[in-house]
Amino acid sequence: MTTFYVTTPIYYVNGLPHIGHSYTTIAADVLSRHKRQRGQDVLFLTGTDEHGQKVLKAAQEEGKTPQEFVDGIIPRFKDVWKRLDISYDDFIRTTESRHVETVRYFLQLLYDKGELVLGDYEGLYCVPCEVFWTEKQAEGGLCPDCRRPVERIKESNYFFKLSRHQAWLLEYIKAHPDFIRPESRRNEVLSFLEENTLSDLCVSRPKSRLSWGIPLPFSPDHVTYVWFDALINYISALGFPGNRKKFDAFWPSALHLIGKDILRQHAVIWPIMLHAAGLFPPQGIFAHGWWQVGREKMSKSRGNTVNPLDVLDEFGIDVYRYFLLRDVPFGLDGVFSRDALIKRFNGDLANDLGNLVYRTLTMSEKYADGRIPVFDRDGHRSSSGSSIVEKMDGLGAAVDTALEKIDFIAALEAIWSLIGAANKYVEETKPWNLKKAGQTEALEDFLAVMFQVLRHVALEIAPFMPQTAAKISSQIEADRVAKGEPLFPRIVEEKNS
Ligand code: ME8
């Protein structure tokens, strides 16, 4: 059986997930559900990044110890994923001992190989971002990312000489065109590596400055830099190094879904960490774009986040999942707007999909006493009927190809092209005339084709809209239809005049 290992970033727990976090997680969920449906052995991992300054600060603000704070927020985090129908197989927390042990093993391994060396560090540090900047970068004493003042810090730390492996990484990326996707991000990383010499990465923090982290096994006065700790989650969840069987089964198929904000960590630091430890890189990294509010990235630090649960309460889970993946190409930035969501709802969902399901059930009631005629592949039918059957037969492969490329829009367009064709087939066939003319055989075949379309549609939309797919299936699973309310009643917004 082929395996598929897909991961999301492990999110910081200094707040609950917003739309941006839900986007990556829903994308991973859709791929997982699709591959499971196709019979693959799937491992879908998500989790939380619980060490470091940010989380410590959030805990202090609530007057809690960091451990109390993270333990308190995790159930709420998991609840958001439950509400969004996320089918993860494993949830890793960086405070779990299975993770801590792997991090310590990994650090010791690199240390023994001479990859980590002690040195003095002096630099400008942004506390909220946990990043050191050069004088040039921190122009005017401000962090170039968050625009808050940086602090001058001098301390003794362990460094990882990334540049030793730079030539290897460059060659690796060139030899593996699908390693970093989309192509624009791959090119960005390639030119970065071609134009710069990687600076040494500081992988520790003195315990005196930051106590909330994993102590280095060879220097207990230091804790692990939060990114070094976090990236290792992708292999600690596989039980590395103890569970070699699981690691060997899943690691070769690993796909990291991330936002473009953390591309460098995943496409440069992480592969080099693995290579230095004698392991090979993940199979692929896909960095998607940002959800924005107006022209700004949606983010906790900007305070402009939208809570996914509010959108769910108003429109339902499936509508939310559909909208995120249908409206913006995976890889580009998009603006989250209620109007755009309502437009998709009324168009794709109410007019196209909802209408197709409802009218098919209604036609069965009207023309066949609610029966569901059995589909006959070789039935005699019009050329438009035959072309629907052909389209239906090609749908699975079209969706497979699209999702292999992580092109959610192409997958949904393939499904909607069948939906559109089937709606047109009704207009062309005019079943009411067939009924009048007593053409029972043609009418039965027409209905059978329509129900077969619904089965295919339900199957292929299931990864995107699990509840809707289940509803459609339950309406047509017996030999008689079970018609309920329309799936997506049109939304009519009252305009304020
Ligand atoms: O970076 N649009 O965690 P984080 C789209 N702990 N996606 C967004 C987004 C937006 N506006 N905002 C956030 C961290 N995301 C680290 C990761 S992994 C080893 C460690 C999504 O909580 C997107 O996936 O800041 C982004 O990469 C991630 O959340 C950052 O989450």
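The values are calculated or read from the model by the stated rules, or taken from the named source; none is laboratory data. Note that this is a predicted model, so its numbers are computed, not measured. Heads up, the Cβs are rebuilt from the backbone with ideal geometry, glycines too, and the neighbour counts pull from every protein chain shown.
Points to keep in mind about this one:
- When the stretch 1-34 is filtered for residues that are of a type in the set (Gly, Ala, Ser) and either over 23 Å from Ile461 (Cβ atoms) or in contact with a strand residue (DSSP E or B) (Cβ under 7 Å, 6 or more places away or on another chain) (or both), the ones remaining, listed by number, are Gly15, Gly20, Ala27, Ala28, Ser32.
- Residue within the stretch 313-333 that is among the small types (Gly, Ala, Ser), within 12 Å of the ligand (Cβ to nearest atom) and assigned to a strand (DSSP E or B) present: no
- Pair list, Cβ under 7 Å, 6 or more apart: the stretch 116-129 residue within 14 Å of Pro206 (Cβ to Cβ) and at pLDDT 85 or above, other residue crowded, with 17+ Cβ neighbours inside 10 Å and hydroxyl-bearing (Ser, Thr, Tyr): Leu118/Tyr158
- Residues within the stretch 1-15 that are modelled with pLDDT of 95 or more, surrounded by fewer than 22 Cβ atoms within 10 Å (Cβ to Cβ) and more than 8 Å from the ligand (Cβ to nearest atom), tallied: 3
- Test: Ala437 is surrounded by 12 or more Cβ atoms within 10 Å (Cβ to Cβ), free of Cβ contacts under 8 Å to residues at least 40 places away in the same chain and out of contact with any Gly (no Cβ under 8 Å at 6 or more places or on another chain): no
- Residues in the stretch 380-394 that are modelled with pLDDT of 95 or more and more than 13 Å from Ala422 (Cα to Cα): Asp393, Gly394.
- Residue match in the stretch 182-197 (condition: surrounded by fewer than 16 Cβ atoms within 10 Å (Cβ to Cβ) and basic (Lys, Arg)): no
For (1) among the aliphatic types (A, V, I, L, M); (2) free of Cβ contacts under 8 Å to residues at least 60 places away in the same chain; (3) surrounded by 15 or more Cβ atoms within 10 Å (Cβ to Cβ), each residue gets a yes or a no:
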position	(1), (2), (3)
Asp445	no, no, yes
Met450	yes, no, yes
Ala462	yes, no, yes
Ser474	no, yes, no
Asp479	no, no, no
Lys483	no, no, yes
Val492	yes, yes, no
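- Any hit, the stretch 75-91, residues being under 30 Å from Arg36 (Cβ atoms), surrounded by 14 or more Cβ atoms within 10 Å (Cβ to Cβ), in contact (Cβ under 8 Å) with a residue 60 or more places away in the chain and of a type in the set (Lys, Arg): yes
- Note on the stretch 159-181: residues that are in a helix (DSSP H, G or I) and touching a strand residue (DSSP E or B) at 6+ places or on another chain (Cβ under 6 Å) total 1.
- Boolean, Lys35 is away from the ligand (no atom under 16 Å from the Cβ) and buried (at least 21 other Cβ atoms within 10 Å of the Cβ): yes
- All of Trp212, Trp227, Trp168 fail the test of being within 16 Å of the ligand (Cβ to nearest atom), of a type in the set (Phe, Trp, Tyr) and surrounded by fewer than 22 Cβ atoms within 10 Å (Cβ to Cβ), apart from Trp227.
- Odd one out for Ser301 among (1) part of a loop (DSSP other than H, G, I, E, B); (2) more than 12 Å from the ligand (Cβ to nearest atom); (3) of a type in the set (Gly, Ala, Ser); (4) over 30 Å from Ala167 (Cβ atoms): (2)
- Breaking point among (1) modelled with pLDDT under 95; (2) surrounded by fewer than 21 Cβ atoms within 10 Å (Cβ to Cβ), for Ala350: (1)
- The lone exception for Val426 - which of (1) touching a helix residue (DSSP H, G or I) at 6+ places or on another chain (Cβ under 7 Å); (2) of a type in the set (A, V, I, L, M); (3) surrounded by fewer than 16 Cβ atoms within 10 Å (Cβ to Cβ) it fails: (3)
- Some residue of the stretch 304-321 being in contact with a strand residue (DSSP E or B) (Cβ under 9 Å, 6 or more places away or on another chain) and in contact (Cβ under 8 Å) with a residue 24 or more places away in the chain: yes
- Gly239 over 21 Å from Leu403 (Cβ atoms), at pLDDT 95 or above and away from the ligand (no atom under 14 Å from the Cβ): yes
- Qualifying residue in the stretch 182-196 (condition: within 16 Å of the ligand (Cβ to nearest atom) and not in a helix (DSSP H, G or I)): yes
- In the stretch 243-290, residue farthest from Asp90 (Cα to Cα) [restricted to those that are assigned to a strand (DSSP E or B), within 13 Å of the ligand (Cβ to nearest atom) and out of contact with any Lys or Arg (no Cβ under 8 Å at 6 or more places or on another chain)]: Gly259
- Positions within the stretch 197-211 being in contact with a Ser or Thr (Cβ under 9 Å, 6 or more places away or on another chain), in a loop (DSSP other than H, G, I, E, B) and within 21 Å of Asp49 (Cα to Cα), in sequence order: Val203
- Test: residue in the stretch 88-107 that is modelled with pLDDT under 95 and closer than 30 Å to Ile19 by Cα: no
- Put simply, of Lys174, Lys136, Lys154 the only residue that is free of Cβ contacts under 8 Å to residues at least 60 places away in the same chain, closer than 30 Å to Gln283 by Cβ and exposed (fewer than 15 other Cβ atoms within 10 Å of the Cβ) is Lys174.
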